[in-house]
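Trainee: Pasting a structure below so you can have a look.
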Amino acid sequence: MSINRRTLLASLTTSAALLTAPARIALAQDALGGPGPSNLITDVPGLQVGQADDPKIRTGVTVIVPDARATCSVDVRGGGPGTRETDALNSWNLVHSVDAVVLSGGSVYGLAAADGVAAWLGARKRGYGLSTAPGVPVSPIVPAAILYDLANHGDKAWGTNPPYRDLGLRAIDAASRSFKLGTAGAGYGAECGNLKGGVGSASFVTKDGISVGAIVAANSLGSPVVPGTKNFWSGAFEIGKEFGGLGASAAHVYGEDWGQAKVNPGARANTTIACIATDLELDIDQMKRVTMMAQDGLSRAIRPIHSPFDGDVVFGLSTGRQKIKGPSADFMVARIGALAADVLSRAVARAVYEATLPPGMEGKTWHML
């Protein structure tokens, strides 16, 4: 009897919940690959994620923390990005690895979250150091990207003391292998098109044991759903019922029908920021290509994307736990990049699917369509 891949993976996703984590990984690998044990970016060995948020302010911070310094690259395509230390990630510069990656709400104020994360890491002597002399602190490398959530009617009257450094400290202090999706962390006050956005994550473990994961804070101008439907643009990549089980839409979209996109967007009022990761050992140039390919996952999940009003940024991490084997390195880069794009597309849909309205916040969720 034949069975198609989608049906097989859907069955695995349902049955895997009854198994231990190692058994779930083995099951996924035996079935030509599938989600890792948690279907989170932390299924990539060597990563933790911490989050902190403030319901009163309606904002938050998400931090991705490798167990050891990790190769990192970045791809920026939005027209209004807000970033920190992204120039350090160019291959022609000195530092090719990082100690953490920060995704934050708060627009320009949110960049201060990385200050808190850097302070936490430095106090534990985690960072880059040119000198080992006594009394010379290391320099934690903490690139960051921010999204705009200043207009969601939270209490932003913080004067000269924005909360983001403290949120960064709280987020990294809470880092673990498990974390909340939806209205949490950097996605707490996010809106994805005309729907409540949030934090989403997904993973994939290949048959030969390579892990790929993604985490995203979805806060885009564009819509994550096909006009006139509840189907996610990401539907063709859904595994099991991870974001509702509706799959791909058969609808046709004409002209400039943007469906649930935001109305009359303002400059810098949007942005989708993300991080993808793999445990395959890739150098900085290889990671750059993977990250560029991964950014196309946003194009499959949100319409329109990369507008002048978005600051879309994707970071890419390699924890280097596995060496490249078998095929050429270029082939493996293409393979991991393709998987990363698919996983990021799924993560966007999961962000919106899991999102709820915070207390007092107006708007609508995907479940209200």
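Trainee: Could you list, in sequence order, all residues of the stretch 63-80 that are at pLDDT 95 or above and of a type outside the set (D, E, K, R)?
Mentor: V63, I64, V65, P66, A68, A70, T71, C72, S73, V74, V76
Trainee: Name the residues in the stretch 231-252 that are exposed (fewer than 15 other Cβ atoms within 10 Å of the Cβ), modelled with pLDDT of 95 or more and assigned to a loop (DSSP other than H, G, I, E, B), would you?
Mentor: K241, G245, listed by residue number.
Trainee: Across the stretch 195-210, which residue is farthest from G60 (Cα to Cα) among those that are part of a strand (DSSP E or B) and within 15 Å of the chain's Cα centre (by Cα)?
Mentor: Filtering the stretch 195-210 for residues part of a strand (DSSP E or B) gives 195-196, 198-205.
Within this subset, residues satisfying the condition of being within 15 Å of the chain's Cα centre (by Cα) are 198-204.
Numbers: G198: 10, V199: 10, G200: 14, S201: 16, A202: 20, S203: 23, F204: 27 Å.
Among them, the one singled out is F204.
Trainee: Suppose the filter is under 19 Å from D75 (Cβ atoms), of a type in the set (D, E) and in contact with a Gly (Cβ under 8 Å, 6 or more places away or on another chain); does D310 pass it? Full working, then the answer.
Mentor: On the way: under 19 Å from D75 (Cβ atoms): yes; of a type in the set (D, E): yes; in contact with a Gly (Cβ under 8 Å, 6 or more places away or on another chain): yes.
Against the criterion (under 19 Å from D75 (Cβ atoms), of a type in the set (D, E) and in contact with a Gly (Cβ under 8 Å, 6 or more places away or on another chain)), D310 qualifies.
Trainee: Among the candidates G297, G311, G255, G326, which residue alone is assigned to a loop (DSSP other than H, G, I, E, B), within 16 Å of the chain's Cα centre (by Cα) and either surrounded by fewer than 24 Cβ atoms within 10 Å (Cβ to Cβ) or in contact (Cβ under 8 Å) with a residue 24 or more places away in the chain (or both)? Spell out the reasoning first.
Mentor: On the way: G297 fails: assigned to a loop (DSSP other than H, G, I, E, B); G255 fails: within 16 Å of the chain's Cα centre (by Cα); G326 fails: within 16 Å of the chain's Cα centre (by Cα).
Criteria check complete, one pass: G311.
Trainee: Tell me, please, whether a residue that is surrounded by 18 or more Cβ atoms within 10 Å (Cβ to Cβ), of a type outside the set (A, V, I, L, M) and free of Cβ contacts under 8 Å to residues at least 40 places away in the same chain can be found in the stretch 186-204.
Mentor: Looking for residues that are surrounded by 18 or more Cβ atoms within 10 Å (Cβ to Cβ), of a type outside the set (A, V, I, L, M) and free of Cβ contacts under 8 Å to residues at least 40 places away in the same chain, one finds none in the stretch 186-204, hence no.
Trainee: Name the pairs whose Cβ atoms lie under 8 Å apart, with the first residue in the stretch 83-108 and under 20 Å from Y164 (Cα atoms) and in contact (Cβ under 8 Å) with a residue 12 or more places away in the chain, the second assigned to a helix (DSSP H, G or I) and among the hydroxyl-bearing types (S, T, Y), and 6 or more positions between them or separate chains?
Mentor: S104/Y164; G106/Y164
Trainee: What are the residues in the stretch 117-146 that are touching a Gly at 6+ places or on another chain (Cβ under 6 Å) and part of a loop (DSSP other than H, G, I, E, B), if any?
Mentor: Selection gives P137, V138, P140.
The values are calculated or read from the model by the stated rules, or taken from the named source; none is laboratory data. Quick caveat: nothing in here was measured; it's all calculated off a predicted structure. Cβ sites come from the backbone with ideal geometry, for glycine too, and all protein chains shown count toward neighbours.
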